[in-house]
1. Spot the failing condition for Ala56; the list is (1) surrounded by 11 or more Cβ atoms within 10 Å (Cβ to Cβ); (2) in a helix (DSSP H, G or I), and only one is missed.
2. Any residue at all in segment 80-95 that's touching a residue at least 60 places away in the same chain (Cβ under 8 Å), of a type in the set (S, T, N, Q) and out of contact with any Ser or Thr (no Cβ under 6 Å at 6 or more places or on another chain)?
3. Give the residues of segment 22-53 that are surrounded by 12 or more Cβ atoms within 10 Å (Cβ to Cβ) and touching a residue at least 24 places away in the same chain (Cβ under 8 Å), sorted by residue number.
4. Return the only residue of Leu19, Leu66, Leu58 being free of Cβ contacts under 8 Å to residues at least 60 places away in the same chain, touching a Lys or Arg at 6+ places or on another chain (Cβ under 9 Å), at negative phi and not β-branched (Val, Ile, Thr).
Amino acid sequence: MGLVSRLYSIVPDPVGTLLTDYAPGGSDWGATGWENAQMQDIIAKLAVTSDPGERAGLQRRSVEILQAELPGIPVTWSELAIVSNKRIAGVEVDPLEVNYGVAAIRWAE
């Protein structure tokens, strides 16, 4: 299990991000270890298709796959809350809420 934040809705067409997030063999940022050949085929077609009608069908099918298999859990709204204590160090707040910085947190000396 991993904890990452991906904001597909902040770009007009996230197909470039989807190409890496759902790549063969999984991804470091997307669905780690999850692989679906049909999804990869759909994303490859989306990357080269500009016809709105064809894209709509591909997008609909990709949503069906993602909702059925849940390689990631979609969160439509979140609020980053950071609580710290003098006994820990390395806590930083990412203003874009993309990196939680968990790896940098350690016990203070």
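Just so you know, all these numbers are worked out from the coordinates, no wet-lab data involved. This one's a predicted model, so the numbers in the text were calculated from it and none came from an experiment. Cβ coordinates were reconstructed from backbone atoms using ideal geometry, including for glycine residues, and neighbour counts include every protein chain displayed.
1. (1)
2. Looking through segment 80-95, none of the residues is touching a residue at least 60 places away in the same chain (Cβ under 8 Å), of a type in the set (S, T, N, Q) and out of contact with any Ser or Thr (no Cβ under 6 Å at 6 or more places or on another chain).
3. Passing the criteria: Tyr22, Trp29, Gly30, Ala31, Thr32, Trp34, Asn36, Met39, Ile43, Ala44, Leu46, Ala47.
4. None of the others qualify; the one that does is Leu58.
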